[in-house]
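The values are calculated or read from the model by the stated rules, or taken from the named source; none is laboratory data. Because the structure is a prediction, the values reported are computed rather than measured. Please note: Cβ atoms are built from the backbone with ideal geometry, for glycine as well, and neighbour counts cover all protein chains shown. All accessible areas refer to the heavy atoms of the entire protein, side chains included, with ligands and DNA or RNA removed. Shrake-Rupley method; radii C 1.70, N 1.55, O 1.52, S 1.80 Å.
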Amino acid sequence: MTPTSAATPVIPPVLAEVVRSGFVEGRHRGSLVVLGADGEVELALGDVTAPVFPRSANKPMQAAAVLRAGLDLAGERLALAAASHSGETFHRDLVRKMLSEHGLTAAELRCPPDLPLDPAEAETYLAAGAVRDRVTMNCSGKHAAMLAACDLNGWPKDTYLDPGHPLQVLIRDVVEEAAGEPVAAVGTDGCGAPLMAISLTGLARAYRHFVRAAEGTPERRVADAMRAHPEYVAGTRRPDTWLMRELPGTLSKMGAEAVQAVALADGRALAFKIDDGATRALGPVLAHALRHLGVDAPVLNRVGHAPLHGGAQEVGHIRAVF
């Protein structure tokens, strides 16, 4: 009998190189899709139809679902509901305020205790004698909004992270509608929430859907809040904030394991994932992809700058190569 050979795995293309002292010491592979203003695929590198876990890049869809559930959020509060916040003081203060406004407590949050996501903020936080806390965890704004939506609808609050919970079923509906495809798998995100897999093409379509949605719809309300208050979506030292501040109309959100999605106001969009999860490659790849879309702005130099150091001096960088 002739042995059955396994299918040859598809190797993602190199999206970025690590260059130290003029020598390429490493490479980051991944997949990337770019959509034109008409929503058609303009560039596809790697398998952009295979499902991935978008991680926190799914948060705009989760925030739109709590609005569909009837929760009245706007402004900074709605931006924080879609956030991977840095854990800065103003983030923590608003999460506590949101909980209080809905008669909830931090003890009811089901996200794990954590330190601030921003390294500089974490140093300040620890120096002040603070400890890991649920409110400090970068997903606490999303969890506060989910809890409030459950309280409003009389849904169980202690099981709001169950994939079969009414809120999570609603979130799945929003994800599938925005992405234009069914959820391929459901896992558990770092914060404990259900994590719904879609393709990179579906993720780019979802972001395009949010910026092109009619005014007043849940999707457009989320996009508008994120773009108006990007420091609540990320933080004062984060690329998503820089892009949404300096490129008017841009919706941008990263996710763990090196996922990024962006949509411009006219419907051009992109999504990519670095295969090894190296977030250090995010900025160079993102800046290069935006230039492919025709964006020309000083902020791209800031976003794309990823230096390598040796002896406390800059001796190299990470560069996009597609």
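Remarks
- Residue within the range 47-61 that is touching a Pro at 6+ places or on another chain (Cβ under 9 Å) and within 13 Å of ALA271 (Cα to Cα) present: yes
- Counted residues, the range 219-231 - those being out of contact with any Ser or Thr (no Cβ under 9 Å at 6 or more places or on another chain), part of a helix (DSSP H, G or I) and open to solvent by 30 Å² or more (accessible area, probe 1.4 Å): 4
- Enumeration of residues in the range 270-286 that are surrounded by fewer than 24 Cβ atoms within 10 Å (Cβ to Cβ) and either of a type in the set (A, V, I, L, M) or part of a strand (DSSP E or B) (or both): ILE274, ALA278
- Cβ-Cβ distances below 7 Å connect the following pairs, each with a first residue in the range 85-105 that is more than 22 Å from PRO119 (Cα to Cα) and without any contact (Cβ under 8 Å) to a residue 12 or more places away in the chain, a second residue that is hydrophobic (A, V, I, L, M, F, W, C) and open to solvent by less than 60 Å² (accessible area, probe 1.4 Å), and a separation of six or more residues or different chains: THR105/LEU99.
- Evaluation of GLY267 against (1) assigned to a strand (DSSP E or B); (2) under 16 Å from VAL33 (Cβ atoms) (one fails), failing number: (1)
- Residues being of a type outside the set (Ser, Thr, Tyr), open to solvent by 30 Å² or more (accessible area, probe 1.4 Å) and closer than 22 Å to ALA69 by Cβ - total across the range 198-217: 4
- Among the residues listed as ALA263, ALA256, the single one being hydrophobic (A, V, I, L, M, F, W, C), under 21 Å from ASP118 (Cβ atoms) and either out of contact with any Pro (no Cβ under 8 Å at 6 or more places or on another chain) or surrounded by fewer than 21 Cβ atoms within 10 Å (Cβ to Cβ) (or both): ALA256
- Any pair with Cβ under 9 angstrom, 6 or more apart, that starts in the range 159-173 at a residue that is closer than 15 Å to ALA69 by Cβ and at pLDDT below 95 and ends at one that is in a loop (DSSP other than H, G, I, E, B) and open to solvent by 10 Å² or more (accessible area, probe 1.4 Å): none
- Scan of the range 90-122 for residues that are open to solvent by 70 Å² or more (accessible area, probe 1.4 Å) and within 14 Å of GLY235 (Cα to Cα), ordered by number: ASP93, LEU117, PRO119
- Test: residue in the range 45-58 that is out of contact with any helix residue (DSSP H, G or I) (no Cβ under 9 Å at 6 or more places or on another chain) and of a type in the set (Asp, Glu): no
- Residue count for the range 156-173, restricted to those that are open to solvent by less than 60 Å² (accessible area, probe 1.4 Å) and either hydrophobic (A, V, I, L, M, F, W, C) or under 30 Å from GLU123 (Cβ atoms) (or both): 4
- Of all residues in the range 243-252, those satisfying the criterion of being crowded, with 22+ Cβ neighbours inside 10 Å and farther than 16 Å from LEU32 by Cβ are LEU243, MET244, THR250, LEU251.
- From GLY70, GLY87, residue being open to solvent by less than 10 Å² (accessible area, probe 1.4 Å), at positive phi and either small (Gly, Ala, Ser) or not in a loop (DSSP other than H, G, I, E, B) (or both): GLY87
- Breaking point among (1) open to solvent by less than 10 Å² (accessible area, probe 1.4 Å); (2) in contact with an Asp or Glu (Cβ under 7 Å, 6 or more places away or on another chain), for THR236: (1)
- Odd one out for MET137 among (1) in contact with a strand residue (DSSP E or B) (Cβ under 8 Å, 6 or more places away or on another chain); (2) surrounded by fewer than 21 Cβ atoms within 10 Å (Cβ to Cβ); (3) more than 30 Å from PRO12 (Cα to Cα): (2)
- All positions within the range 176-195 that are assigned to a strand (DSSP E or B) and open to solvent by less than 50 Å² (accessible area, probe 1.4 Å): ALA185, GLY187, PRO194, LEU195
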